[in-house]
Amino acid sequence: MDVEAVAQEIGRLQFISVNQASQEKCACNALLEGHFTPLIREFIAQLGLGGQQARAVFRQLPKGNGILPHNDTWMPAELDWRRFQIPIVTHPSIVMRWPDDGVEVHLAKGFIYEVNYSRRHEVINTQTEIDRVHLQIDQIDATI
């Protein structure tokens with residue numbers, strides 16, 4: 001999918017620093033849903049994920065930083081939450097890994113990925129000069 005208009009739009013918006021690093025959450029910059037423009041909201045609506053959107057946020061991982069291995073156990077277990085990520089700004093050297101499963105993959109710009117947040121995972125961004133930006137959408141009862 002074409003994410004260039006979204007990339008330009010978020011380039012005009014203010015990310016905030018989220019410095020609450022913990023075992024399950026990393027310090028990063030975020031653009032919260034309350035600050036999304038109509039163009040961004042329409043982009044998300046056109047994805048056709050089905051179900052109910054629980055949360056959407058742009059996460060910016062600064063160059064030279066990764067996310068340590070973790071499980072997102074804070075997600076509500078009683079609901080059918082699924083996490084989708086759409087890379088907006090990335091580089092082929094930035095990878096997500098599921099070390100317990102032996103999986104390592106670059107999430108390419110403009111594609112939508114369902115990410116298994118309940119398995120231990122990490123992000124490696126130590127070799128680039130790119131601030132990685134992903135749109136993360138948590139969806140309840142998604143139908144895709």
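Each reported figure results from applying straightforward, stated rules to the coordinates on display, with no laboratory input. Nothing here was measured: the structure is a model prediction, and the numbers come from that model. Glycine gets a Cβ as well: all are built from the backbone with ideal geometry, and neighbour counts include every protein chain shown.
Among Leu135, Leu32, sorting on how many other beta-carbon atoms sit within 10 Å of each Cβ, with the fewest leading, yields Leu32, Leu135. All other residues whose Cβ lies under 12 angstrom from that of Asp131 are scored, Lys and Arg at +1 and Asp and Glu at -1, for a net of +2. Applied to the stretch 96-110, the Karplus parametrisation 6.51 cos²θ - 1.76 cosθ + 1.60 on θ = phi - 60° returns per-residue 3J(HN,Hα) values of 9, 10, 10, x, 5, 9, x, 10, 9, 8, 8, 8, 7, 4, x Hz, with x for Gly and Pro. Spatially, the stretch 26-96 and the stretch 124-142 are offset by 6 Å when compared through their Cα centroids. Recomputing Rg/Rh (Cα atoms, Kirkwood Rh) from the coordinates shown identifies the correct label among (i) 0.93; (ii) 1.10; (iii) 0.97 as (i).
Applied to the stretch 59-66, the Karplus parametrisation 6.51 cos²θ - 1.76 cosθ + 1.60 on θ = phi - 60° returns per-residue 3J(HN,Hα) values of 10, 10, 9, x, 3, x, 10, x Hz, with x for Gly and Pro.
For the chain, averaging the sequence separation of C-alpha pairs within contact (under 8 Å, six or more residues apart) and dividing by the residue count gives a relative contact order of 32 percent.
About its Cα centre, the stretch 4-140 has a charge dipole of approximately 200 debye under the convention of +1 per Lys or Arg Cβ and -1 per Asp or Glu Cβ, with nothing else charged.
Counting neighbouring Cβ atoms within 10 Å and putting the fewest first, the residues His70, His134 line up as His70, His134.
Computed from backbone phi with θ = phi - 60° and the Karplus coefficients 6.51, -1.76 and 1.60, the 3J(HN,Hα) list for the stretch 49-57 is 6, x, x, 10, 6, 8, 6, 9, 7 Hz; x is used for glycine and proline.
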